[in-house]
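The values are calculated or read from the model by the stated rules, or taken from the named source; none is laboratory data. Because the structure is a prediction, the values reported are computed rather than measured. Quick reminder, even Gly has a Cβ in these numbers, built from the backbone with ideal geometry, and neighbours come from all protein chains shown. To get the accessible areas, we keep the full protein, side chains included, count just its heavy atoms, and leave off ligands, DNA and RNA. Shrake-Rupley method; radii C 1.70, N 1.55, O 1.52, S 1.80 Å.
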Amino acid sequence: MEEKQGKLKLFEEGLEEYPPMEAFVGNFFMLLWIGAGSLACGLLHPVLGWVFLGLSFFTIYVVLKKLVCTNCYYYGKRCSMGWGKLAALMFKPGRIERFPTSVGIKIAPAVYGSLTAIPLVILVVLMLKRFHPVQLGLFAFLLVLGVYSWLSRPRACARCKMRYICPGSAAK
Ligand code: SF4
């Protein structure tokens, strides 16, 4: 069933708010992901590790909240990541009509893709130069986190009011 929001159709049976534990677990894994990526970059150069940490955190927890989450139905509410509430703490609401075509939606795949790709490439380069088991461990850990995140998307998207509106939804 669908409910209308302007010209856009929301998924009526979607959750009004997600369970707090789901948002906690989602953010726990997100922070692990950023932390592991920063460690990997830090193996190349400590400054690079700190830059990756700061940039990733700022882009995901501030920039994308402004560019994506202010236009979301869950603005001010707890979505699967709890970020609707975070966005409301920092920014004024946007408009849901802007969501599918916003700059944030266009750049989000590249942001999340680089969060995995940059550390993985750095780790491969380092392993080719001078192998150390820590590099391989981080490589495997990042891959597992990436796969976990990919596999958990359909479950979150299937209960999301935005599933018909969001171009990145894994449950159309
Ligand atoms: S559902 Fe997505 S876009 Fe909407 S508030 Fe949550 S993280 Fe942001």
Determine whether segment 74-85 contains at least one residue that is over 21 Å from LEU8 (Cα atoms), outside any loop (DSSP other than H, G, I, E, B) and either near the ligand (Cβ under 9 Å from one of its atoms) or of a type outside the set (A, V, I, L, M) (or both). yes
Could you pull out the residue among PHE24, PHE11, PHE29 that is touching a strand residue (DSSP E or B) at 6+ places or on another chain (Cβ under 8 Å) and not polar (S, T, N, Q)? PHE11
Residue that is farthest from GLY113 (Cα to Cα) [pool: residues in segment 44-62 that are open to solvent by less than 60 Å² (accessible area, probe 1.4 Å) and touching a residue at least 24 places away in the same chain (Cβ under 8 Å)]: VAL62
Please work out which residue is farthest from the ligand (Cβ to nearest atom), limiting yourself to segment 155-172 and to residues that are without any contact (Cβ under 8 Å) to a residue 24 or more places away in the chain and more than 14 Å from the chain's Cα centre (by Cα). LYS172
Against the conditions (1) assigned to a loop (DSSP other than H, G, I, E, B); (2) under 19 Å from the mean Cα position of the chain (by Cα), where does GLY14 fall short? Just the number, please. (2)
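To keep it simple, each residue is scored yes or no on (1) within 20 Å of PRO46 (Cα to Cα); (2) in contact with a helix residue (DSSP H, G or I) (Cβ under 9 Å, 6 or more places away or on another chain).
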position	(1), (2)
PRO119	yes, yes
LEU128	yes, no
LEU142	yes, yes
VAL147	no, no
LEU151	no, no
ARG159	no, no
ARG163	no, yes
PRO167	no, yes
Qualifying residues in segment 145-164 (those that are over 19 Å from GLY82 (Cα atoms) and not aliphatic (A, V, I, L, M)) - the one least open to solvent (accessible area, probe 1.4 Å): GLY146
Counting only residues that are open to solvent by 20 Å² or more (accessible area, probe 1.4 Å), in contact (Cβ under 8 Å) with a residue 12 or more places away in the chain and among the β-branched types (Val, Ile, Thr), segment 92-121 contains a total of 6
Of the candidates ILE34, ILE122, the one satisfying the condition of being over 19 Å from the mean Cα position of the chain (by Cα) and assigned to a helix (DSSP H, G or I) is ILE122
Among the candidates LEU138, LEU89, LEU142, which residue alone is assigned to a helix (DSSP H, G or I), open to solvent by 40 Å² or more (accessible area, probe 1.4 Å), at negative phi and at pLDDT 95 or above? LEU89
Residue that is over 30 Å from GLY137 (Cβ atoms) and in contact with a strand residue (DSSP E or B) (Cβ under 9 Å, 6 or more places away or on another chain), where the choices are ILE96, ILE107: ILE96
Of all residues in segment 63-73 being open to solvent by 40 Å² or more (accessible area, probe 1.4 Å) and within 11 Å of the ligand (Cβ to nearest atom), the one that is nearest to ALA117 (Cα to Cα): LEU67
